[in-house]
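Following: one structure in structure tokens, then a few remarks.
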Amino acid sequence: AGDQPPAHVFLMVNGSSGGQASGQLLSMGKDRFKMRSRAGRAIYTRVFDLRDSDARKQGFAKVRKLSDDNADVRVVACGGDGTVKWVISELTMVGCLRVPIGVIPFGTG
């Protein structure tokens, strides 16, 4: 497990979703961190604010590059229904529709 290639997780956060929940995620003071799975596999996690167009473009470009390199890449949409659609649209624009998508529901509903 420790010899497995790392996983890359991109948290794409809509800071306007869900009242304070998304804002708390964005204000943790870290935009990247490293974790380990129980089996010892490295998991590199990056946090991007979807409202910041430069950060958003940079984030989805990194997803595309890692995907092109056949890395284990996952994207998590952090927001409501609109955020999920937004993330899928961005993945479509960079040609990454095979990347697994998760959702952390920060919507208002």
Unmet requirement for Ser17, which otherwise passes all of (1) assigned to a helix (DSSP H, G or I); (2) open to solvent by less than 60 Å² (accessible area, probe 1.4 Å); (3) of a type outside the set (A, V, I, L, M, F, W, C): (1)
Which numbered condition Thr83 misses (of (1) of a type outside the set (D, E, K, R); (2) at pLDDT below 90; (3) under 15 Å from the mean Cα position of the chain (by Cα); (4) not in a strand (DSSP E or B)): (2)
Residues (touching a strand residue (DSSP E or B) at 6+ places or on another chain (Cβ under 9 Å), surrounded by fewer than 16 Cβ atoms within 10 Å (Cβ to Cβ) and not in a strand (DSSP E or B)) located in the range 86-109: Ile88, Pro100
Matching option when the condition is within 26 Å of Gly95 (Cβ to Cβ), free of Cβ contacts under 8 Å to residues at least 40 places away in the same chain and either open to solvent by 20 Å² or more (accessible area, probe 1.4 Å) or in contact with a helix residue (DSSP H, G or I) (Cβ under 7 Å, 6 or more places away or on another chain) (or both), among Asp3, Asp52: Asp52
The range 28-47: number of residues that are surrounded by 14 or more Cβ atoms within 10 Å (Cβ to Cβ) and assigned to a loop (DSSP other than H, G, I, E, B): 2
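The values are calculated or read from the model by the stated rules, or taken from the named source; none is laboratory data. What you are looking at is a predicted structure, and each value in this text was computed from that prediction instead of being measured. Note that we place each Cβ from the backbone using ideal geometry, even for glycine, and neighbour counts take in every protein chain shown. Calculation scope for accessible area: heavy atoms of the full protein, side chains included, ligands and nucleic acids excluded. Shrake-Rupley method; radii C 1.70, N 1.55, O 1.52, S 1.80 Å.
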